[in-house]
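J.: Can you keep this structure in mind? I'll have questions shortly.
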Amino acid sequence: MFVSRYRIIDLGYVLMYEFFMEIALKEALMAKAMDEVPIGAVITDLAGNIIAKGHNLVITENNPCSHAEINAIKKASERLSNYRLPDTVLYSTIEPCVMCMGAVVHSRINKVVFGAFDHKWGGCGSLYSFQDNKNLNHRPEIVSGILENECRKLLQDFFLNKRKIKKGESKCPVLP
């Protein structure tokens, strides 16, 4: 058994969640290679078939809405020819922000599985809790902390490197 912030999860589900989080982490590395904040997302159906993947493209597209989750939701909607995404699961390397959680609610995604918490913008328990808001007509299930350390470290290393470069070093000495 695995204890999430909100409930106990069967180990079989944890392994599945980790599998898809690894794919989201690969998407995050694609963002990092483009000098974007390394966040990745994957959307699957309930059977575990991948519908769409996305990563941050905020800087590349000059679009503050081009978060990994939004990009994955757009691709999934296009692929399914439907703006509603019932019976789907969104995996994200970081807790979706309030904008992304708004899109989750509007698209009717069943479940959100994320890695690291985002204490500045998080919409799944850190700052806001969309899943607990009784005023919303859709409240997704939330699973947190999947590969949390790996997801958090990727972001921390990215920003550590950015700060080192800003201070005049050409490359962070602790990162390859």
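The values are calculated or read from the model by the stated rules, or taken from the named source; none is laboratory data. The structure presented is a predicted model; accordingly, all values stated were derived computationally and were not measured. Every residue, glycine among them, receives a Cβ derived from its backbone with ideal geometry; neighbour counts consider all protein chains shown. To get the accessible areas, we keep the full protein, side chains included, count just its heavy atoms, and leave off ligands, DNA and RNA. Shrake-Rupley method; radii C 1.70, N 1.55, O 1.52, S 1.80 Å.
J.: Name the single residue, out of those in the range 77-92 being assigned to a loop (DSSP other than H, G, I, E, B) and among the hydroxyl-bearing types (Ser, Thr, Tyr), that is farthest from residue 65 (Cα to Cα).
T.: 81
J.: Okay, moving on. Among the numbered conditions (1) polar (S, T, N, Q); (2) under 24 Å from residue 15 (Cα atoms); (3) open to solvent by 20 Å² or more (accessible area, probe 1.4 Å); (4) at pLDDT 95 or above, tell me where residue 81 comes up short.
T.: Only one criterion in (1) polar (S, T, N, Q); (2) under 24 Å from residue 15 (Cα atoms); (3) open to solvent by 20 Å² or more (accessible area, probe 1.4 Å); (4) at pLDDT 95 or above is unmet by residue 81, namely (2).
J.: Right, next: If you take the residues in the range 117-139 that are of a type outside the set (Gly, Ala, Ser) and within 30 Å of residue 33 (Cβ to Cβ), which one is least open to solvent (accessible area, probe 1.4 Å)?
T.: 124
J.: Say we look at the range 93-116 and pick out the residues that are part of a loop (DSSP other than H, G, I, E, B) and in contact (Cβ under 8 Å) with a residue 60 or more places away in the chain; which of these is least open to solvent (accessible area, probe 1.4 Å)?
T.: Among those residues, the one meeting the criterion is 109.
J.: Could you tell me how many of the residues in the range 1-50 are surrounded by 16 or more Cβ atoms within 10 Å (Cβ to Cβ), at pLDDT 95 or above and part of a strand (DSSP E or B)?
T.: 6
J.: Restricted to the range 37-92, and to residues that are without any contact (Cβ under 8 Å) to a residue 60 or more places away in the chain, of a type in the set (S, T, N, Q) and touching an Asp or Glu at 6+ places or on another chain (Cβ under 8 Å), which residue is nearest to residue 156 (Cα to Cα)?
T.: The qualifying residue nearest to residue 156 (Cα to Cα) is 56.
J.: Within the range 140-167, how many residues turn out to be closer than 22 Å to residue 73 by Cα, surrounded by fewer than 19 Cβ atoms within 10 Å (Cβ to Cβ) and among the aliphatic types (A, V, I, L, M)?
T.: 0
J.: For the range 51-76, name all the residues that are open to solvent by 50 Å² or more (accessible area, probe 1.4 Å) and in a helix (DSSP H, G or I).
T.: 74, 75
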